[in-house]
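Colleague: Take a look at the following structure, please.
The values are calculated or read from the model by the stated rules, or taken from the named source; none is laboratory data. Remember, it's a predicted structure, so these values are computed and weren't measured experimentally. Using ideal geometry, Cβ is built from the backbone for each residue, glycine included, and neighbour counts are taken over all protein chains shown.
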Amino acid sequence: MIRACQAFNARCRDRHGSVSRVHLSKMDVETVLTVILYRRLKRGNRRRRYWVHPILTTRLTESHYIILYPKLRQYGPKFFNYFRMSIKSFDDLLALINEELVADENTVRYTISPEEKLIITLRYLATGCSLGTLSYDYRIGKSTVATIIPHVCETIWRKLKPIVMSEPTKEKWYEISEIFEKHSKFPNCLGALDGKHIRLIQPEHTGSMYYNYKHFFSLVLMALADANYCFVWVDIGAYGKNSDSGIFKNSSLYKKLTERSLDLPDPKTLLIKNRPTVLPYVIVADEAFGMMENLMRPYGGRSLTYAKKIFNNRLTLARRYVECTFGIMCNKWRILHRPLDVNMCFAEKIVKAICTLHNYVRMRDGYNFDDTLYTPQLENLASHYTGRAVRQADNVRENLTKYFINEGKLDWLDHNI
């Protein structure tokens, strides 16, 4: 009763907006409680028109989960087109996350199965349709759909990341470099690094924090990709206004590179001008990033020598893999083709789930031709670093340049230059 009276005191204000103290000694307690009860009744006077809308009552007979899903399982290509993964991959993913999605056994009303929750989430990520559309298709309330999808996305990220995006071991790094050298003719390459702006509807109360130099609102996905178009490492959620170099400097990958805590292979010896030269393993990136001993960027400027042009072209051949990885991911999970009209926490969960699902499908199901129809758009931003580390990086870049115009020369590229 005392708490009720205190609440009433807090709500009593005079016409100027300041709190007017109400002395309980002068006011009957029953009157106070009556006023509070009246206000609560007035606030909750609106009645729900339906307990369950008539359209949603046909969930067990007319939803896509009942009508369409069983038919899709009879046709593998159609199932892949609908869910962006094979039936076997879908079943294994469901088995992995099933325990996290099971509803409370004590629930009285009809519960949504983990299978249906996964179906709704994959369809949302694959098409970018609205929550309202999913609500009508699967005969589930819109607020329920809005609760299911973030939970499933978070579960997918937490369960799949250790399997498809764990930190590489020394043997795994070496395997990545071998595939890069085979496909892009760039030796000692551990991956291609770049950032991608994920479009957003302007988040509330953020001002220009997410407004990027391309003149739209976004959060940044910073990623390291291998030559199989899979993500080796990702950093998600940086402000769109931040530069790629600044985001990378605040990332865990940069910290581990500078502290030398990554389990990288030992430097490899290359024959340059008939002389054995020891070179470290490196990551390739564009001009937005600063030079490091283990990170190579192209030579800047326009009036470049023949040797520098050769190096820039060879680096671009390797760096294109991260651009193509972004393109494949967006073409498969088409929610990224439109601005995300959700809160920031939900948006980050969506991108995290998509990154892990991208790796999961690539590793298990390969790719379809339609997923690779993407033309990279290379960005050129300037960033300069000085000091001993940059001089060491310059030495590595000069040795690679010498290698590309001598022992590692590509005749067809020399003709283009």
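Colleague: If residue 264 meets every condition in (1) surrounded by fewer than 18 Cβ atoms within 10 Å (Cβ to Cβ); (2) over 21 Å from the mean Cα position of the chain (by Cα); (3) not polar (S, T, N, Q) apart from one, which number is that one?
Modeller: With respect to (1) surrounded by fewer than 18 Cβ atoms within 10 Å (Cβ to Cβ); (2) over 21 Å from the mean Cα position of the chain (by Cα); (3) not polar (S, T, N, Q), residue 264 is out only on (1).
Colleague: Here's a follow-up. Only one of 147, 155, 133 is in a helix (DSSP H, G or I), within 17 Å of residue 350 (Cα to Cα) and out of contact with any helix residue (DSSP H, G or I) (no Cβ under 8 Å at 6 or more places or on another chain). Can you tell me which?
Modeller: Of 147, 155, 133, the one residue that is in a helix (DSSP H, G or I), within 17 Å of residue 350 (Cα to Cα) and out of contact with any helix residue (DSSP H, G or I) (no Cβ under 8 Å at 6 or more places or on another chain) is 147.
Colleague: Here's a follow-up. Going by the conditions given, is residue 407 among the acidic types (Asp, Glu), part of a loop (DSSP other than H, G, I, E, B), in contact with a strand residue (DSSP E or B) (Cβ under 6 Å, 6 or more places away or on another chain) and modelled with pLDDT under 95?
Modeller: yes
Colleague: Which residue out of 282, 278, 220, 234 is in contact (Cβ under 8 Å) with a residue 24 or more places away in the chain, among the β-branched types (Val, Ile, Thr) and either more than 30 Å from residue 345 (Cα to Cα) or not assigned by TED's automatic domain parsing to the domain that holds residue 184 (or both)?
Modeller: 282
Colleague: Inspect all residues belonging to the stretch 251-259 and state whether any of them is crowded, with 19+ Cβ neighbours inside 10 Å, touching a residue at least 24 places away in the same chain (Cβ under 8 Å) and closer than 24 Å to residue 202 by Cα.
Modeller: No - not one qualifying residue is present in the stretch 251-259.
Colleague: Report, by residue number, each residue of the stretch 250-287 that is in a helix (DSSP H, G or I) and closer than 25 Å to residue 359 by Cα.
Modeller: The answer is 252, 253, 254, 255, 256, 257.
Colleague: When the residues of the stretch 200-240 are narrowed to those that are more than 18 Å from the chain's Cα centre (by Cα) and among the aliphatic types (A, V, I, L, M), which ends up farthest from residue 172 (Cα to Cα)?
Modeller: Ranking the candidates gives 209 first.
Colleague: If I go through the stretch 228-249 residue by residue, how many of them are assigned to a loop (DSSP other than H, G, I, E, B) and in contact with a strand residue (DSSP E or B) (Cβ under 8 Å, 6 or more places away or on another chain)?
Modeller: Matching residues across the stretch 228-249 total 3.
Colleague: What is the residue count in the stretch 284-321 for residues that are among the basic types (Lys, Arg) and surrounded by fewer than 21 Cβ atoms within 10 Å (Cβ to Cβ)?
Modeller: 4
Colleague: For the condition within 30 Å of the chain's Cα centre (by Cα) and either of a type in the set (Asp, Glu) or closer than 17 Å to residue 353 by Cβ (or both), what is the one hit in 68, 96?
Modeller: 96
Colleague: Determine the pairs where a residue that is more than 16 Å from residue 276 (Cα to Cα), located within the stretch 393-417, has a partner that is polar (S, T, N, Q) and at pLDDT 70 or above with Cβ atoms under 8 Å apart, the partner being 6 or more residues away or on another chain.
Modeller: Pairs that qualify, where the first residue is more than 16 Å from residue 276 (Cα to Cα) and the partner is polar (S, T, N, Q) and at pLDDT 70 or above, are 413/313; 416/313; 417/313.
Colleague: Let me ask you something else. Can you pull out the helices (runs of 4 or more DSSP H) entirely within the stretch 13-114 that have at least 2 residues that are loosely packed, with under 12 Cβ neighbours inside 10 Å, out of contact with any strand residue (DSSP E or B) (no Cβ under 8 Å at 6 or more places or on another chain) and modelled with pLDDT of 85 or more?
Modeller: Filter on the stretch 13-114 gives 59-62, 69-72, 87-101.
Colleague: Right, residue 156: closer than 28 Å to residue 232 by Cβ, free of Cβ contacts under 8 Å to residues at least 60 places away in the same chain and crowded, with 21+ Cβ neighbours inside 10 Å or not?
Modeller: Here the answer is no, as residue 156 does not meet what is asked.
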